[in-house]
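The values are calculated or read from the model by the stated rules, or taken from the named source; none is laboratory data. Not measured: the values here are computed from a predicted model. Virtual Cβ from ideal backbone geometry, glycine too; neighbours counted across all protein chains shown. The protein model used for the area step is the full one, side chains on, heavy atoms only, and it has no ligands, DNA or RNA in it. Shrake-Rupley method; radii C 1.70, N 1.55, O 1.52, S 1.80 Å.
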Amino acid sequence: GDGMRRGTALAGSYGIVAVATAATAVALATTSGVLMVVLGAAFVTIAASVARPAHFAALPQLCRTPDELVSANALSSVADGLALFVGPLLAGFGVARAGAGPVFVCGAALAVLSALLCLRLGLTGSGARGGRLWREAFAGVAVLSRDRAALALLLVLTIRFVVAGSMDVLAVSFSVDVLGNGASGAGTLLAAIGIGGLIGGFVAGALAMRRRLSPVVALGGIVIGLGVAAVALTTRIGPASVCLLLAGVGGSVAMVAGRTLLQRVTDDRLLARIFAVQEGTSLLG
């Protein structure tokens, strides 16, 4: 993402997503065995994790003002939340009607479209210097290790993903053991978090216009914690859903403000590598 034009990096990463998705579709169609299908699907997620850092590194070059950058980050958060909500619904409908193979073909087509949209972005190179590939790749880690403020921000964003990941387990346990609603109740609780994330993207667009973003990140973290903790005070699905909706709002606010802050304070030549570290620690969380 830093060693070439950002538009080229984006188009290339989405192209790899398309190839991996198409290969998985072929593996399904030819009954190549579960191992090939799993490897293909894993390759898809690897390629997608390359695209996201390049995406957030490219946004500052596309925006003319700081306010536009905040709006772009907020819209990215809203679009991401909407896709995570709508995508599984469309995939489930497609698998029920046509099977998994055609759904993977549709995914590959969407990835090709994404690559084509990135070809003419007109983005310049980042100015990253040449050198040994692996040494350059880990430059983002080296920079972060010397910046305590950036490390603190990275820790906050990682904790946000720890909480989000734990909810996949806690929502089921709470629904079964406390609410007595089974899997359907868990789905409602997780959907509430997703809806909160959508709302939070719009809220973050307003809050992140502030000159000082650290308080906004802190506010988002506090809302996440209070929302999740408040679930323990209720035994009804309605209030619990409201609490988790608020936690979802806080998560989006913290993420949008945190990403915007990273974009403001990071050397553009290292931006893709910084976001690669953020992507990796978030997935680890």
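Filtering segment 237-285 to residues that are surrounded by 22 or more Cβ atoms within 10 Å (Cβ to Cβ) and within 12 Å of the chain's Cα centre (by Cα) leaves Gly251, Ser252, Met255, Val256, Arg259, Phe275, Ala276, Gln278.
Only one entry of Leu151, Leu144 meets the criterion of being open to solvent by 50 Å² or more (accessible area, probe 1.4 Å), under 22 Å from the mean Cα position of the chain (by Cα) and closer than 19 Å to Leu262 by Cβ, and that entry is Leu151.
With respect to Thr234, is the statement that it is hydroxyl-bearing (Ser, Thr, Tyr), open to solvent by less than 30 Å² (accessible area, probe 1.4 Å) and farther than 23 Å from Asp80 by Cα true? So Thr234 fits the description; yes.
Against the definition (out of contact with any Cys (no Cβ under 8 Å at 6 or more places or on another chain), open to solvent by less than 50 Å² (accessible area, probe 1.4 Å) and in contact (Cβ under 8 Å) with a residue 12 or more places away in the chain), how does Ala192 come out, yes or no?
Working: out of contact with any Cys (no Cβ under 8 Å at 6 or more places or on another chain): yes; open to solvent by less than 50 Å² (accessible area, probe 1.4 Å): yes; in contact (Cβ under 8 Å) with a residue 12 or more places away in the chain: yes.
For Ala192, the condition - out of contact with any Cys (no Cβ under 8 Å at 6 or more places or on another chain), open to solvent by less than 50 Å² (accessible area, probe 1.4 Å) and in contact (Cβ under 8 Å) with a residue 12 or more places away in the chain - is met.
Within segment 96-127, the only residue that satisfies the criterion of being at pLDDT below 85 and of a type in the set (Lys, Arg) is Arg120.
If you go through segment 166-189 and keep only what is among the small types (Gly, Ala, Ser) and buried (at least 16 other Cβ atoms within 10 Å of the Cβ), you end up with Ala171, Ser175, Gly185, Ala186.
Yes or no: Val156 closer than 19 Å to Phe275 by Cα, in contact with an Asp or Glu (Cβ under 9 Å, 6 or more places away or on another chain) and either open to solvent by 50 Å² or more (accessible area, probe 1.4 Å) or of a type outside the set (S, T, N, Q) (or both)? Step through it out loud before you land on a result.
Values: closer than 19 Å to Phe275 by Cα: yes; in contact with an Asp or Glu (Cβ under 9 Å, 6 or more places away or on another chain): no; either open to solvent by 50 Å² or more (accessible area, probe 1.4 Å) or of a type outside the set (S, T, N, Q) (or both): yes.
Answer is no for this residue.
If I filter segment 84-105 down to residues being of a type in the set (Gly, Ala, Ser) and open to solvent by less than 60 Å² (accessible area, probe 1.4 Å), which single residue comes out as nearest to Gln61 (Cα to Cα)? The extreme case among them is Gly87.
The residue pairs whose first member lies in segment 206-220 and is closer than 18 Å to Ala247 by Cα and open to solvent by 80 Å² or more (accessible area, probe 1.4 Å), whose second member is assigned to a helix (DSSP H, G or I) and of a type outside the set (Gly, Ala, Ser), and whose beta carbons are closer than 8 Å, counting only pairs six or more residues apart or on different chains, are Leu219/Leu207; Leu219/Val253. The set of residues from segment 50-80 being open to solvent by 30 Å² or more (accessible area, probe 1.4 Å), under 22 Å from Val249 (Cβ atoms) and aliphatic (A, V, I, L, M) comprises Leu75, Ala79. Scan segment 41-49 and tell me whether some residue there is buried (at least 17 other Cβ atoms within 10 Å of the Cβ) and more than 18 Å from the chain's Cα centre (by Cα). No, segment 41-49 has no match at all.
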